[in-house]
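Only one structure is covered here, and it is reproduced in the block below.
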Amino acid sequence: MPQSLLAFLAMMIATSSALTQFAASNRVREEMMKSELEIMANAVALEAVELQAVPVGFDGLTQFSRLKENTYFTVENRSESFRKEWTVKYVDSSGNESQSPTDIREVTISVYHSRYTRPLVEHTRLIGQ
Amino acid sequence: MISLLDHISSTMVYGALALVLIATQLRAQETSIQQTIVYASKKQTLEFADMVEREFKLIGSGIDARADMMQAIETDEQGNALSFSFRYDDDAGTPIQVEYRMVPTDSVTINRRSIPLYEVQRFRNGTRDGGGPRTVRRFRVQFLTDSGTLTADPGEAELVRVTFTSTLPMGDLDDFFLPETNWGITLRPMNLAI
């Protein structure tokens, strides 16, 4: 009887060790995947700011306020889908948010991926009048 | 008889435990090796990306004539930038001619397909001066107009989009969870808008 209990205990320890290792390995893979997606999200954010926000200038930024849109990072024939969310607000010369209109607008783009609830990348640009 | 059964059962338990522990250990080792290789590769890739980002922003800096700022991109059938050159003046006003050139290095097998690899070499005033990792699978430079339309004419370009894919530098890539890293950026070099 004692031998059986000891054998059972040993099996439990080995199984627990294997499961812990499996979970650790999955965490590493998840981190690798997230870092890869962050690099792509960064490319998406920078391109959106340069191609969409900068050309419209100070006055045109209003159209981006609270705008949400889907976009893709495409490599050859593969695409990864992301969601962009824009925030536009007035800031003063010190960069603090202002409730009244100023000559500087801060445009922030947050890029999300369906695997995560928080944005992978947030990019902010100040655009003056 | 009881003693014999005890021996047999203890041997079976020992064997099962040993197998579980060996498998766990091997998996841990494999994960650790993959993590190290991926980290090293990503570090190399991001260092190259950082250099590209900082230098491409300077395109045309201090140059008056638009036609002298950059040359048309020489591409292969897949759209890879075999050669891309541009000019800018450094802080002291010295003209710098830079060329990024894709040079074949090796090939790798991913999903049972043989894929050629390249090194993106950087030349500064005609002399080799740094570059990227030797495992670049794809390096693309594209000119965009202000509206985001692709153009081949460097005279019309206001933005430059750079994307590249690099593979891991070692190991059987089919065994890796993520055998490649993709990086991209779209820049608006200040002087192209003038």
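Table for the structure above
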quantity	calculated
Degrees separating the helix A:2-48 axis from the principal Cα axis of chain A, which is the longest one	20
Cα-based helix-to-principal-axis angle, B:2-56 vs chain B, degrees rounded to 10	10
Alpha carbon Rg of region B:42-193, scaled by the compact-globule rule 2.2 N^0.38 Å	1.08
Residue mean of other protein chain beta carbons inside 10 Å, B:184-190	5
Residues of type aspartates and glutamates that A:Lys34 reaches as a straight line, Cα spacing below 17 Å, ignoring anything fewer than 8 places off in the same chain	A:Glu80, A:Glu122, B:Glu180
Estimated FRET transfer efficiency when R0 is 41 angstrom, pair A:Met11-B:Gln35 (beta carbons, to 0.05)	0.90
Theoretical FRET efficiency, 1/(1+(r/R0)^6), r = Cβ-Cβ of B:Lys57 and B:Asp175, R0 35 Å, to 0.05	0.35
Cα lying deepest toward the dipole's positive end in region B:47-194, options B:Phe86, B:Ser61, B:Thr163, charges on Cβ	B:Thr163
Debye, to nearest 20: dipole size of region B:132-184, +1 on Lys, Arg Cβ, -1 on Asp, Glu Cβ	140
Relative contact order (%) - criterion: Cα under 8 Å, at least six apart; region: chain B	18
Computed [θ] at 222 nm, deg cm²/dmol, the protein assembly as shown (DSSP H ≥ 4; -39,500 (n - 2.57); rounded to nearest 500)	-12500 deg cm²/dmol
Å² per residue, accessible surface of chain A at 1.4 Å	59
Point-charge dipole on Cβ atoms (K/R +1, D/E -1) for region A:2-128, about Cα centre, debye to 20	500
Cα-based radius of gyration of region A:2-128 once divided by 2.2 N^0.38 Å, which approximates compact folds	1.68
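The values are calculated or read from the model by the stated rules, or taken from the named source; none is laboratory data. Keep in mind it's a predicted model, so treat the numbers as computed, not measured. Reconstructed Cβ throughout: ideal geometry from the backbone, glycine too, with neighbour counts over all protein chains shown. Quick note on the areas: whole protein, heavy atoms, side chains included, nothing else; ligands and nucleic acids left out. Shrake-Rupley method; radii C 1.70, N 1.55, O 1.52, S 1.80 Å.
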